Number of protein chains: 2
Amino acid sequence: MGRKPTKIRVIPLGGLKEIGKNMTIIEYKDEMIIIDCGLSFPEDEMLGIDIVIPDITYVMKNKDKIKAIVLTHGHEDHIGALPYVLKKINVPVYGTRLTLGLVENKLREHKLLSDVHLQRVEPGETVQIQGFEVEFIRSSHSIPDACALAIHTSLGVILHTGDFKIDYTPIDEQMIDLQRIAELGKKGVLLMLADSTNVERPGTTMSERSVGATFENIFNNTRSRIIVATFASNVHRVQQIVNAAHKHNRKIVVSGRSMVNVVAVAEELGNLIIPDGLIIDVNHIDQYEDHEIVIITTGSQGETMAGLSRMATSDHRKLDIRAGDTVIISATPIPGNEKTVSRVINQLFEKGADVIYESLADVHVSGHACQEELKLMHKLASPKYFIPVHGEFRHLKQHAKLAENLGMPKENIFTIQNGNVVEITKDYGKLAGNVPAGPVLVDGLGVGDVGNIVLRDRKHLAEDGLMVVVVTITREGGKVAAGPDIISRGFVYVRESEDLIDEAKQIVRGALEHCEQQNIKEWSILKSSIRDALKDFLYAKTKRRPMILPVIMEV
Amino acid sequence: MGRKPTKIRVIPLGGLKEIGKNMTIIEYKDEMIIIDCGLSFPEDEMLGIDIVIPDITYVMKNKDKIKAIVLTHGHEDHIGALPYVLKKINVPVYGTRLTLGLVENKLREHKLLSDVHLQRVEPGETVQIQGFEVEFIRSSHSIPDACALAIHTSLGVILHTGDFKIDYTPIDEQMIDLQRIAELGKKGVLLMLADSTNVERPGTTMSERSVGATFENIFNNTRSRIIVATFASNVHRVQQIVNAAHKHNRKIVVSGRSMVNVVAVAEELGNLIIPDGLIIDVNHIDQYEDHEIVIITTGSQGETMAGLSRMATSDHRKLDIRAGDTVIISATPIPGNEKTVSRVINQLFEKGADVIYESLADVHVSGHACQEELKLMHKLASPKYFIPVHGEFRHLKQHAKLAENLGMPKENIFTIQNGNVVEITKDYGKLAGNVPAGPVLVDGLGVGDVGNIVLRDRKHLAEDGLMVVVVTITREGGKVAAGPDIISRGFVYVRESEDLIDEAKQIVRGALEHCEQQNIKEWSILKSSIRDALKDFLYAKTKRRPMILPVIMEV
């Protein structure tokens, strides 16, 4: 009896050809683990959608083989889909301290916390998950406790970098364990999956510490209130604001739901060190002079509902922007958010604030490795096979090119997409088919029930509105008994367009009479006659194409 | 009898607190001229809107005083609203060669060309427009024949820079006339209005010629087809592509409606020099080898309907992207277009093309002055008063700060918004009231008929779709004669949600019965009962809030 050769199969379900919803399956023998379980935010054309999660059809099919979900770090694009996936399969979740702290919050909100086994792992530790030996290697990123993962198998080591940068002077003084990666590389890494986000940027990413120097400079020269907006999860950034505030005798007000949450979790877990009494309640802010206050808030992406926007539009219950305030936007707009961020900057200036943002000062650094850091990672790990991950196609492509330029054979690089299966044995590495891996749209309570037809209709309605035409006809004889009535929304301002609506009714009557003369009784034909006649009429009159919904009732 | 002192009033109707729809009124004694007449593109929340133009209420009120529209250059945000404004007031239009060439095209499309008097002016020339002496000063920008304007009055000179950069090595060897600006400044400029677009950028904008050097380098090293996407109006860019193609023995195919138009106009007017036989018909492209072809196309902003996108998605009738093609995107994404541009880049890579874009090589330079150039302009013109224009509020604010840092008294700088009136006499300069100046939305044939209510409805429909509920009741007795029928669009995928719709009908029946029991007959109350009951039911079931449209018919 011939034995099948031992295989590793790597299947990304998210994170490729996109920045978001990272999720990768590692299959080895008859077992699987999942690395990360993230969400992404909807594209512009996904109207009304709240979030997007990976398609887990393949996971569900292999429910019994899945042994664990292993997390690299606590960002939404790596943990955000957990509640949805854990509702379907209950497996243990492994992660580091802060990562699990954030996961706990999330599961609590979804009332799932008591059902799920969370297994905390220390950076440097190796855990045995059934047949998988999973080593957590300390990394550095824009959130503490980020790890790369080395998965040890009989065929060799799979190294997943997670999201990383190389910061020689990290805030928590816990440097990425380059030595361990080098050691693994020296022994031989079979496959590496590595972060491609910043592959288009030459040079290296600045140390997080450089932002602290800018803060210091600003704090030194400012007597007004200081308001800093940043990502809640960027705990090291928050730490640097805390340090600057402490040094300059300013109290801190924490604003924004996720900022309050993360600060609480990170402080409790020891990732954030805050001197006693430094944080004050927002209600006590008036007891201090302007030069004694720092407000740390969410909203660095211009999100309408977040702290900074609310302050800028006087929509915040307790805080407002005042003339003379110094506002630091300590973040870069994520692609697609440029205009919302710019809007908030404009609003802040209009309120008379002094606004400091990235194009004016070094108030932000990225959490992802640039070209020179990626080269170092490739050379230290020197894997046999390579899959660029965490990037749009342009990034994956450039990362593949970077690897090639470093001397890697082209055929050992897999520039693939979500759902592709990469199969590796001791003899070969190859593409081996596909599993389902589209985006699953979440809208309110609905997961996956909004598909292309619904989105197409929303787009149509968004562009030109709609016109509902209602006619009641008699069951016998098919005569018009009432109507036609016309209701429009999102099409024209009705009070100014009464004539247009009256003419439209005439058109509908004409279409119905025509059908009657032809002795046409089928509702589908009546409806399409109404729709066609109206469509042409409205386009000629307005050059718009509202959705037309004919409704026929019978009495 | 006391005489009123002579006044200049400057009233921007567009272009302030926005990048787009530039339009400024200059009033002097009892006459007015308008500088520029541009459009802007809709903000994200202006669903379904085609373009946005300035509010010309004040212009219409002063119809008889308007003597001319004077154009600085031919970009859409400076000429795009002309057809709409000229339909309302017929005044002569002054501009340089290429500017009027582009205006002619536009007026022809709107069937207005024969009605409008276009007056061509040469750079350096001064024209008398009734009481206004308007001097056209050669400038440089990302379109040829751009001018600054000096308007000479008895009170002094108003200098409007138009959009400008300082290019010491312009492609057409016609440098911005810094000497004339210096001369005016030496004699004394009363008021300057200056371009603020790039005020956040330190240093100077690179010369257009630097892009040519990059092209040369790419052409030198490429044997495949070369496809270059850029702005059609950037004639100097096109000239450099033409030069490179000619030198490297490549024929040129021009693709995209506006590219074809602008190339024709610019060549006819002498702004673009193309050797005979260099341009070939797209249908003859197969007669040439790959290394003999350059395609110049529109679509550098990722516009779905433009040449490059169509090629990238195989939606172009005659051209397609092939593996191995070299595609140069010779432009920067305009804020807000980052994601569409990125999408096209990804699509091109997927087609196997090699894509060269701004983050990888110097294939674009801006047409606007950076900080050092602005400083030079301020120092040469040394105006008494200053209005920063052409920018979002953040830009206007930074530009005001730049002027202050150069020594200008704060009270002589007007950081204003559209509609504000700046009044200048020999004794003072001050803000003096407001005129109407909101955005006017153009949707199809409708100008200004889509207002907040229509947009709010479109947004509601876009997010959660709609549900139409139709009931026919008897005139006597108010009994249900037919229905309720329910139709939904953009809400849920109906086939999968039959149960939900059935339950919704039950809810409607319940609401109607309740009204009947209470002897309620008023339609408005019936409708709101239906709406409220359904709204709560649907939100509980789906966490969505579709628009609910109850329709009652009577027989």
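Things worth noting here:
- Number of positions in segment A:286-316 that are exposed (fewer than 15 other Cβ atoms within 10 Å of the Cβ) and in contact with a helix residue (DSSP H, G or I) (Cβ under 8 Å, 6 or more places away or on another chain): 2
- Selection count where residues are out of contact with any Leu (no Cβ under 8 Å at 6 or more places or on another chain) and among the aliphatic types (A, V, I, L, M), scope segment A:241-299: 15
- Among residues of segment B:480-523 being within 14 Å of chain A (Cβ to nearest Cβ) and among the small types (Gly, Ala, Ser), the one that is surrounded by the most Cβ atoms within 10 Å (Cβ to Cβ) is B:Gly490.
- Flag if B:Lys521 is part of a helix (DSSP H, G or I) and among the basic types (Lys, Arg): no
Quick grid of which residues meet (1) touching a residue at least 24 places away in the same chain (Cβ under 8 Å); (2) part of a loop (DSSP other than H, G, I, E, B); (3) closer than 25 Å to A:Asn217 by Cα:
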| position | (1), (2), (3) |
| --- | --- |
| A:Ser300 | yes, yes, yes |
| A:Met311 | yes, no, yes |
| A:Ala323 | yes, yes, yes |
| A:Ile328 | yes, no, yes |
| A:Gly336 | yes, yes, no |
| A:Arg343 | yes, no, no |
| A:Phe349 | no, no, yes |
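- Filtering B:Leu461, B:Leu538, B:Leu466, B:Leu534 for residues that are within 24 Å of A:Leu441 (Cβ to Cβ), among the aliphatic types (A, V, I, L, M) and out of contact with any strand residue (DSSP E or B) (no Cβ under 7 Å at 6 or more places or on another chain) leaves a single hit, B:Leu538.
- Considering segment A:349-379, the residues that are over 30 Å from A:Glu404 (Cβ atoms) and under 26 Å from the mean Cα position of the chain (by Cα) include one that is nearest to the other protein chains (Cβ to nearest Cβ), namely A:Ser359.
- Among residues of segment A:454-467 that are within 12 Å of B:Ser488 (Cβ to Cβ), those with a Cβ under 6 angstrom from a residue that is in a helix (DSSP H, G or I), sequence gap 6+ or separate chain, pair up as A:Arg458/B:Ala462; A:Leu461/B:Leu461.
- Residues considered: A:Ile321, A:Ile328, A:Ile334. Of these, the only one that is over 19 Å from A:Val253 (Cα atoms) and either modelled with pLDDT of 95 or more or of a type in the set (A, V, I, L, M, F, W, C) (or both) is A:Ile334.
- Leading residue by the ranking (nearest to A:His117 (Cα to Cα)) among those in segment A:20-49 that are at pLDDT below 95 and charged (D, E, K, R): A:Asp30
- A:Met60 vs. criteria assigned to a strand (DSSP E or B), modelled with pLDDT of 95 or more and over 15 Å from the mean Cα position of the chain (by Cα): no
- The set of residues in segment A:407-423 that are buried (at least 18 other Cβ atoms within 10 Å of the Cβ) and either of a type in the set (Asp, Glu) or touching a residue at least 40 places away in the same chain (Cβ under 8 Å) (or both) comprises A:Ile416, A:Asn418, A:Gly419, A:Asn420, A:Val421, A:Val422.
- Selection status of A:Ser342, facing chain B (nearest Cβ under 9 Å), small (Gly, Ala, Ser), surrounded by fewer than 19 Cβ atoms within 10 Å (Cβ to Cβ) and under 25 Å from B:Ser342 (Cα atoms): no
- Of everything in segment A:28-42 that is over 16 Å from A:Gly14 (Cα atoms) and among the acidic types (Asp, Glu), the residue that is surrounded by the fewest Cβ atoms within 10 Å (Cβ to Cβ) is A:Asp30.
- Any hit, segment B:393-406, residues being in contact (Cβ under 8 Å) with a residue 12 or more places away in the chain, of a type in the set (D, E, K, R) and either surrounded by fewer than 20 Cβ atoms within 10 Å (Cβ to Cβ) or not assigned by TED's automatic domain parsing to the domain that holds B:Gly156 (or both): no
- Whichever residue in segment B:12-54 is of a type in the set (Lys, Arg) and more than 14 Å from chain A (Cβ to nearest Cβ) and, among such residues, is farthest from the chain's Cα centre (by Cα): B:Lys29
- Evaluated against (1) of a type outside the set (Ser, Thr, Tyr); (2) within 26 Å of B:Phe164 (Cβ to Cβ); (3) in contact with a strand residue (DSSP E or B) (Cβ under 6 Å, 6 or more places away or on another chain), B:Val253 falls short on exactly one condition, (2).
- Condition met for B:Ile53 (more than 16 Å from B:His160 (Cα to Cα), touching a residue at least 60 places away in the same chain (Cβ under 8 Å) and surrounded by 24 or more Cβ atoms within 10 Å (Cβ to Cβ)): yes
- Within segment A:524-555, being among the aliphatic types (A, V, I, L, M), within 14 Å of another protein chain (Cβ to nearest Cβ) and without any contact (Cβ under 8 Å) to a residue 24 or more places away in the chain holds for one residue alone: A:Ala540.
- When segment A:441-475 is filtered for residues that are within 8 Å of chain B (Cβ to nearest Cβ), under 26 Å from the mean Cα position of the chain (by Cα) and part of a strand (DSSP E or B), the ones remaining, listed by number, are A:Asp443, A:Gly446.
- Any hit, segment B:424-444, residues being in contact with a Ser or Thr (Cβ under 7 Å, 6 or more places away or on another chain), outside the structural domain of B:Tyr28 (by TED's automatic domain parsing), buried (at least 20 other Cβ atoms within 10 Å of the Cβ) and modelled with pLDDT under 95: no
- Residue ID - nearest to A:Ile252 (Cα to Cα), chosen from residues in segment A:266-298 that are part of a loop (DSSP other than H, G, I, E, B) and hydroxyl-bearing (Ser, Thr, Tyr): A:Tyr288
- So A:Phe386, is it within 10 Å of chain B (Cβ to nearest Cβ), crowded, with 22+ Cβ neighbours inside 10 Å and touching a helix residue (DSSP H, G or I) at 6+ places or on another chain (Cβ under 8 Å): no
- Out of B:Val242, B:Val263, B:Val253, sole residue that is of a type in the set (Val, Ile, Thr), farther than 30 Å from A:Asp44 by Cα and part of a strand (DSSP E or B): B:Val253
The values are calculated or read from the model by the stated rules, or taken from the named source; none is laboratory data. Predicted model, so just to flag it, every value in this text is computed and none were measured. Methodologically, a virtual Cβ is constructed for each residue, glycine included, from the backbone with ideal geometry; neighbour enumeration extends over all protein chains shown.
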